[in-house]
1. Would you call residue 247 in contact with a helix residue (DSSP H, G or I) (Cβ under 6 Å, 6 or more places away or on another chain) and closer than 22 Å to residue 79 by Cα?
2. Any residue in region 214-234 that is in a helix (DSSP H, G or I) and touching a strand residue (DSSP E or B) at 6+ places or on another chain (Cβ under 8 Å)?
3. Does region 151-159 contain at least one residue that is in contact with a strand residue (DSSP E or B) (Cβ under 6 Å, 6 or more places away or on another chain) and crowded, with 17+ Cβ neighbours inside 10 Å?
4. Which members of region 277-321 meet the condition of being assigned to a loop (DSSP other than H, G, I, E, B), in contact (Cβ under 8 Å) with a residue 12 or more places away in the chain and either more than 20 Å from residue 224 (Cα to Cα) or not assigned by TED's automatic domain parsing to the domain that holds residue 202 (or both)?
5. What strands (runs of 3 or more DSSP E) lie completely within region 1-86 and have 1 or more residues being in the same structural domain as residue 132 (by TED's automatic domain parsing), modelled with pLDDT under 95 and surrounded by fewer than 22 Cβ atoms within 10 Å (Cβ to Cβ)?
6. For region 251-268, what are the residues that are part of a loop (DSSP other than H, G, I, E, B) and closer than 24 Å to residue 111 by Cβ?
7. Here are 206, 191: which of them is free of Cβ contacts under 8 Å to residues at least 12 places away in the same chain, surrounded by 15 or more Cβ atoms within 10 Å (Cβ to Cβ), within 30 Å of residue 299 (Cβ to Cβ) and outside the structural domain of residue 102 (by TED's automatic domain parsing)?
8. Which residue pairs have Cβ atoms closer than 8 Å, lie 6 or more positions apart in sequence or on different chains, and pair a first residue in region 232-243 that is farther than 12 Å from residue 222 by Cβ and in the same structural domain as residue 216 (by TED's automatic domain parsing) with a second residue that is in a helix (DSSP H, G or I) and modelled with pLDDT under 95?
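The values are calculated or read from the model by the stated rules, or taken from the named source; none is laboratory data. On a predicted model such as this, the values are computed, not experimentally measured, just so you know. Positions of Cβ are generated from backbone atoms using ideal geometry, with glycine treated the same way; all protein chains shown enter the neighbour counts.
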């Protein structure tokens with residue numbers, strides 16, 4: 001039996017623990033808060049993050065990062081802006097075994113993706129990224145889900161693909177870590193814009209146009225960052241964009257809905273796209289890449305622009321060829 005460790009007991013980490021345990025692995029789910037870990041372990045349910053999903057017997061819950069030692073793979077399912085902190089806190093217990101980040105975005109402080117942060121924390125590889133169109137509730141329920149596993153080391157990626165795939169969780173492999181990271185980061189930004197579009201009552205036609213032009217921003221960024229455009233046509237790019245921009249299960253989409261309706265949004269809900277929009281906007285500006293939707297979302301998230309101002313700005317752009 002394989003042994004896996006998941007660092008981060010949010011909804012996605014819990015869902016992966018359930019799916020991987022059902023697939024035959026022994027899983028250590030590591031929470032940051034000892035009280036929360038004890039509560040989840042006793043109830044056999046993460047009621048605060050993923051209510052109604054029962055943990056299999058093969059899942060143990062703890063707050064002790066030492067549980068990661070000796071694991072066949074260590075998955076990090078913390079929010080992107082907390083990844084560096086989590087790696088630092090667990091550094092002594094991450095000396096061996098593949099590290100797999102399962103967070104989407106770009107670090108606001110360094111403008112780096114997840115695999116670069118993994119490599120900084122522990123230069124010895126392998127380092128990988130698990131990303132793509134998925135909702136935690138679907139994974140926990142055992143609904144069919146396909147994800148991208150990105151690993152620059154092709155042999156290590158093949159091993160991880162077999163290790164982490166289950167009958168209901170199908171992984172597709174790529175060596176393009178930058179492209180996989182880019183798709184997962186920018187799609188959250190576009191999802192905020194899509195949510196704001198629907199929240200403001202602008203309609204599905206406007207949302208479709210925004211998704212298409214947002215995808216074009218991904219493709220403009222790709223060559224400048226060393227990503228392969230074809231990666232963005234896959235699960236980690238186009239696939240995740242479609243899912244996140246069309247479902248209220250997406251926190252980024254719901255955040256955009258609230259912006260469009262002029263409503264407050266729960267402060268305790270992680271919205272990766274808000275910070276990512278600022279990071280991507282900065283990176284694009286440094287490289288002189290035109291990303292008007294990303295720029296607009298960053299301005300909205302920072303309160304520098306009203307929704308009406310955002311609409312006026314985008315609609316006033318010069319007409320051009322597609």
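1. Working: in contact with a helix residue (DSSP H, G or I) (Cβ under 6 Å, 6 or more places away or on another chain): no; closer than 22 Å to residue 79 by Cα: yes.
It is false that residue 247 is in contact with a helix residue (DSSP H, G or I) (Cβ under 6 Å, 6 or more places away or on another chain) and closer than 22 Å to residue 79 by Cα.
2. yes
3. Scanning region 151-159 turns up at least one residue that is in contact with a strand residue (DSSP E or B) (Cβ under 6 Å, 6 or more places away or on another chain) and crowded, with 17+ Cβ neighbours inside 10 Å.
4. Result: 302, 317.
5. Here the list is empty.
6. none
7. Being free of Cβ contacts under 8 Å to residues at least 12 places away in the same chain, surrounded by 15 or more Cβ atoms within 10 Å (Cβ to Cβ), within 30 Å of residue 299 (Cβ to Cβ) and outside the structural domain of residue 102 (by TED's automatic domain parsing) holds for just one of 206, 191, which is 206.
8. none
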